[in-house]
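**Student:** Just dropping this structure here.
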Amino acid sequence: MDLALSLDRTCAVPLYQQLAEELRQAVLQKRLKPNQKLPPSRVLAQSLEISRVTVTQSYDQLVSEGYLETRQGAGTFVCNQLPETYLQAEAIEQDTAVSTMPTQLSRLGMELLKVQQLEGPQPQHAINFRYGNPATDLFPLTLWRRLLARHCRTSSTGLNYSSDAAGYLPLRQAIADYLGRSRAVQCRPEQVIIVNGSQQALDIIARLTLDAEDWVAMEDPGYLGARYCFAGRANLQPIPVDAAGLDVEALSQYSQPFKLLYVTPSHQFPTGVTLSLPRRLALLQWAQQTGTLILEDDYDGEYRYGDRPIPALQGLDCNHTVIYVGTFSKILFPALRLGYLVVPKDWIPLVSRTKWLCDRQSPLLEQYALADFFAEGHFERHIRRMRHFYNQRRQVLVNALKDQFGDRVMILGENAGIHLMVKFETTLSDEDVIQQAASVDVGVISAQGYYLTAPKTGKFIFGYAQLSEAQIEQGIQALARVL
């Protein structure tokens with residue numbers, strides 16, 4: 001058999017894998033025909049001057065992949081049907097002129113059909129004030145790799161289904177302990193349900209609570225991910241936001257009862273304002289009187305500057321009217337895709353079953369690593385470190401805006417989170433401001449798209465966490481030149 005096989009004994013790849021690849025290519029290139037017999041392992045080993053065991057391992061690998069087959073008493077042969085042929089199918093021509101998709105869509109599907117982008121435009125420029133991105137370059141990635149590797153080495157359980165769709169119990173315990181200390185959230189570990197980011201948390205609650213004719217109250221302006229999650233399932237009603245947060249008195253103007261209210265009290269998105277304590281108490285009283293469920297999204301409540309964080313709305317709730325949502329996307333890194341719900345005790349089995357129906361479970365290896373990240377003290381050290389960095393960058397941004405624009409800017413939400421909102425006094429439209437900024441390679445985002453009612457002009461969202469202090473100053477100086 002003259003196949004011109006070549007093995008590199010200096011290569012890091014084992015010889016049996018090299019030989020298997022050479023034989024695999026010979027089969028695919030038809031140098032070895034279907035049903036052709038291969039030489040005995042002893043013969044091929046002698047011709048290649050390698051160990052017979054190496055040849056046997058190569059044959060075994062190709063047998064397991066479906067390229068070769070052994071016939072008792074006859075030897076090893078090339079399979080008549082190769083694995084690749086099972087993956088090939090003839091293309092079926094479709095009539096692209098006819099589309100029945102809209103008639104098959106649900107109300108949510110029809111709503112999403114109208115949407116071009118769920119997150120709004122994301123500018124790509126040298127200096128990009130995109131909101132929501134943490135400083136991923138400051139995350140201890142080497143440490144994270146070590147924690148992941150620890151569980152990859154010691155156990156294969158992370159490769160199996162979880163025994164509990166609600167998540168890894170030690171992680172839920174760590175989250176419950178942390179929330180009690182840092183956010184005054186009242187819960188036991190069983191009440192913490194691990195989900196794939198806060199977006200899945202919103203989706204699960206929407207699935208469980210909303211029917212077609214239900215009414216949902218939402219901050220205006222507000223988070224687009226929540227808007228589209230709810231709008232396709234129920235009637236969404238805008239509630240105005242001012243300097244003290246959600247206008248609770250505006251809720252009483254509606255005669256129709258609300259089934260759900262979505263709120264971001266610690267750092268309202270996108271204005272950045274904090275819901276005041278009197279309004280928090282008034283909101284809880286209103287929810288109790290009306291039977292409305294409150295969904296509290298505390299997406300970056302850990303970051304507050306200049307004073308202590310205000311306790312979460314859930315911690316003030318004595319009537320189980322609040323479901324609390326948290327995420328690690330803003331604290332650690334977005335690709336982690338882990339978040340959590342804190343639900344009343346009666347909701348635990350219901351939410352767990354819904355999570356199971358959605359996707360069975362969140363990834364286990366990441367949950368194991370994150371539990372260790374908590375247990376070894378890395379999580380809270382990371383938050384303290386990032387709070388220091390973000391505070392410095394926040395101060396640079398605020399000072400640069402005031403220095404360059406003076407009375408022509410109003411800054412909202414500067415004391416919390418990793419973004420703030422800026423209102424420019426300008427005759428330019430928002431589109432013109434964006435274009436002028438782009439002309440100096442600076443990306444900014446208008447807040448217009450976040451309003452359910454008539455959009456307010458001149459307001460822009462500035463994220464600063466992922467930018468260095470020098471980039472922030474350069475970006476604001478460049479903006480001042482063109483605005």
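**Student:** So, in the range 191-242, exactly how many residues are basic (Lys, Arg) and more than 28 Å from Gly458 (Cβ to Cβ)? Don't jump to the end; show me each part of the working.
**Tutor:** Of the range 191-242, the ones basic (Lys, Arg) are 207, 227, 233.
Subsequent filtering for residues that are more than 28 Å from Gly458 (Cβ to Cβ) retains 207, 233.
Residues in the range 191-242 being basic (Lys, Arg) and more than 28 Å from Gly458 (Cβ to Cβ): 2 in total.
**Student:** Can you tell me which condition Thr427 does not meet? The list is (1) open to solvent by 30 Å² or more (accessible area, probe 1.4 Å); (2) at pLDDT 95 or above, and all the others hold.
**Tutor:** The number of the failed condition is (2).
**Student:** Any residue at all in the range 157-174 that's touching a Lys or Arg at 6+ places or on another chain (Cβ under 7 Å), outside any helix (DSSP H, G or I) and of a type in the set (Gly, Ala, Ser)? Reasoning before the result, please.
**Tutor:** Taking the range 157-174 and keeping what is touching a Lys or Arg at 6+ places or on another chain (Cβ under 7 Å), we get 161, 165-166.
In the following step, the residues that additionally are outside any helix (DSSP H, G or I) were identified as 161, 165-166.
Applying the additional criterion that residues be of a type in the set (Gly, Ala, Ser) yields 165-166.
Taking every residue of the range 157-174 in turn, at least one turns out to be touching a Lys or Arg at 6+ places or on another chain (Cβ under 7 Å), outside any helix (DSSP H, G or I) and of a type in the set (Gly, Ala, Ser).
**Student:** Does Thr327 fit the bill of being of a type in the set (S, T, N, Q), closer than 15 Å to Ser266 by Cβ and open to solvent by less than 20 Å² (accessible area, probe 1.4 Å)? Working first, answer last.
**Tutor:** Numbers: of a type in the set (S, T, N, Q): yes; closer than 15 Å to Ser266 by Cβ: yes; open to solvent by less than 20 Å² (accessible area, probe 1.4 Å): yes.
Yes, satisfied.
**Student:** Out of Ala206, Ala174, Ala149, Ala165, which single residue is without any contact (Cβ under 8 Å) to a residue 60 or more places away in the chain and crowded, with 16+ Cβ neighbours inside 10 Å? Explain how you work it out, then say what you get.
**Tutor:** Working: Ala174 fails: without any contact (Cβ under 8 Å) to a residue 60 or more places away in the chain; Ala149 fails: crowded, with 16+ Cβ neighbours inside 10 Å; Ala165 fails: without any contact (Cβ under 8 Å) to a residue 60 or more places away in the chain.
Ala206 is the lone residue from the list that is without any contact (Cβ under 8 Å) to a residue 60 or more places away in the chain and crowded, with 16+ Cβ neighbours inside 10 Å.
**Student:** Could you grab me the full set of residues in the range 424-463 that are basic (Lys, Arg) and closer than 28 Å to Phe389 by Cβ?
**Tutor:** Just the residues of the range 424-463 that are basic (Lys, Arg), to begin with: 456, 459.
Within the range 424-463, Lys459 is the sole residue that qualifies.
**Student:** Give me the pairs, please: first residue somewhere in the range 19-43 and on the phi > 0 side of the Ramachandran plot, second residue anywhere and surrounded by 14 or more Cβ atoms within 10 Å (Cβ to Cβ), beta-carbon distance under 8 Å, and either six or more positions apart or on two chains.
**Tutor:** Note: pairs meeting the criteria are Asn35/Phe77; Asn35/Val78.
**Student:** Another question, then. Can you confirm whether Met421 is open to solvent by 40 Å² or more (accessible area, probe 1.4 Å), outside any helix (DSSP H, G or I) and aliphatic (A, V, I, L, M)? Let's see the steps before the verdict.
**Tutor:** On the way: open to solvent by 40 Å² or more (accessible area, probe 1.4 Å): no; outside any helix (DSSP H, G or I): yes; aliphatic (A, V, I, L, M): yes.
So Met421 does not fit the description; no.
**Student:** Related question: Might you let me know whether the range 441-460 holds any residue that is open to solvent by 40 Å² or more (accessible area, probe 1.4 Å), part of a helix (DSSP H, G or I), among the small types (Gly, Ala, Ser) and modelled with pLDDT of 95 or more?
**Tutor:** no
**Student:** Report, by residue number, each residue of the range 225-267 that is among the aliphatic types (A, V, I, L, M), at pLDDT 90 or above, open to solvent by 10 Å² or more (accessible area, probe 1.4 Å) and closer than 19 Å to Leu112 by Cβ.
**Tutor:** Of everything in the range 225-267, just one residue is among the aliphatic types (A, V, I, L, M), at pLDDT 90 or above, open to solvent by 10 Å² or more (accessible area, probe 1.4 Å) and closer than 19 Å to Leu112 by Cβ, namely Leu236.
**Student:** Looking at (1) over 30 Å from Phe462 (Cβ atoms); (2) out of contact with any Gly (no Cβ under 8 Å at 6 or more places or on another chain); (3) open to solvent by less than 60 Å² (accessible area, probe 1.4 Å); (4) not charged (D, E, K, R), find the lone condition where Ser362 falls short.
**Tutor:** Just one mismatch for Ser362, condition (2).
**Student:** Looking at the structure I just gave you, is Val63 open to solvent by 60 Å² or more (accessible area, probe 1.4 Å), modelled with pLDDT of 90 or more and within 49 Å of the chain's Cα centre (by Cα)?
**Tutor:** On the way: open to solvent by 60 Å² or more (accessible area, probe 1.4 Å): no; modelled with pLDDT of 90 or more: yes; within 49 Å of the chain's Cα centre (by Cα): yes.
For Val63, the condition - open to solvent by 60 Å² or more (accessible area, probe 1.4 Å), modelled with pLDDT of 90 or more and within 49 Å of the chain's Cα centre (by Cα) - is not met.
**Student:** Phe462 versus (1) without any contact (Cβ under 8 Å) to a residue 60 or more places away in the chain; (2) within 30 Å of Lys114 (Cα to Cα); (3) among the hydrophobic types (A, V, I, L, M, F, W, C): which is the lone unmet condition?
**Tutor:** (1)
For (1) crowded, with 20+ Cβ neighbours inside 10 Å; (2) within 23 Å of the chain's Cα centre (by Cα), each residue gets a yes or a no:
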{"residue": "Leu332", "(1), (2)": "yes, yes"}
{"residue": "Asp346", "(1), (2)": "no, no"}
{"residue": "Ala371", "(1), (2)": "yes, yes"}
{"residue": "Phe374", "(1), (2)": "no, yes"}
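**Student:** Something else now. Quick check on the range 27-60: of everything there that is among the charged types (D, E, K, R) and exposed (fewer than 13 other Cβ atoms within 10 Å of the Cβ), which residue is farthest from Asn80 (Cα to Cα)? Show your work before the answer.
**Tutor:** Here is the first cut: in the range 27-60, the residues among the charged types (D, E, K, R) are 30-31, 33, 37, 42, 49, 52, 60.
Those left that are additionally exposed (fewer than 13 other Cβ atoms within 10 Å of the Cβ): 30, 33, 42, 49.
Values: Lys30: 12, Lys33: 8, Arg42: 24, Glu49: 29 Å.
Step by step, filter the range 27-60, then rank; the result is Glu49.
**Student:** With buried (at least 24 other Cβ atoms within 10 Å of the Cβ) and of a type outside the set (Val, Ile, Thr) as the only criterion, which of Leu341, Leu316 stands out?
**Tutor:** Working: Leu316 fails: buried (at least 24 other Cβ atoms within 10 Å of the Cβ).
Checking each option against the conditions leaves just Leu341.
**Student:** Separate question: Report, ordered by the first and then the second residue, all pairs with beta carbons closer than 6 Å, sequence separation of six or more or different chains, a first member in the range 307-320 that is modelled with pLDDT of 90 or more and in a loop (DSSP other than H, G, I, E, B), and a second member that is among the charged types (D, E, K, R) and open to solvent by less than 60 Å² (accessible area, probe 1.4 Å).
**Tutor:** Between residues of the range 307-320 that are modelled with pLDDT of 90 or more and in a loop (DSSP other than H, G, I, E, B) and residues that are among the charged types (D, E, K, R) and open to solvent by less than 60 Å² (accessible area, probe 1.4 Å), the close pairs are Ala312/Arg183; Ala312/Asp298.
**Student:** While we're looking at this one, here's another question. So Ala12 ticks every box in (1) open to solvent by 80 Å² or more (accessible area, probe 1.4 Å); (2) over 43 Å from the mean Cα position of the chain (by Cα) but one. Which box is left unticked?
**Tutor:** (2)
**Student:** Go over the candidates Ala470, Ala465, Ala478 one by one and state the one that is crowded, with 18+ Cβ neighbours inside 10 Å, small (Gly, Ala, Ser) and assigned to a helix (DSSP H, G or I).
**Tutor:** Details: Ala470 fails: crowded, with 18+ Cβ neighbours inside 10 Å; Ala465 fails: assigned to a helix (DSSP H, G or I).
Ala478 is the lone residue from the list that is crowded, with 18+ Cβ neighbours inside 10 Å, small (Gly, Ala, Ser) and assigned to a helix (DSSP H, G or I).
The values are calculated or read from the model by the stated rules, or taken from the named source; none is laboratory data. From a predicted model like this one, the values you see are computed outputs, not experimental measurements. When we count neighbours, we look across all protein chains shown, and the Cβ atoms used for this are built from the backbone with ideal geometry, even at glycine. These accessible areas exclude ligands, DNA and RNA; they are computed on the full protein's heavy atoms, side chains included. Shrake-Rupley method; radii C 1.70, N 1.55, O 1.52, S 1.80 Å.
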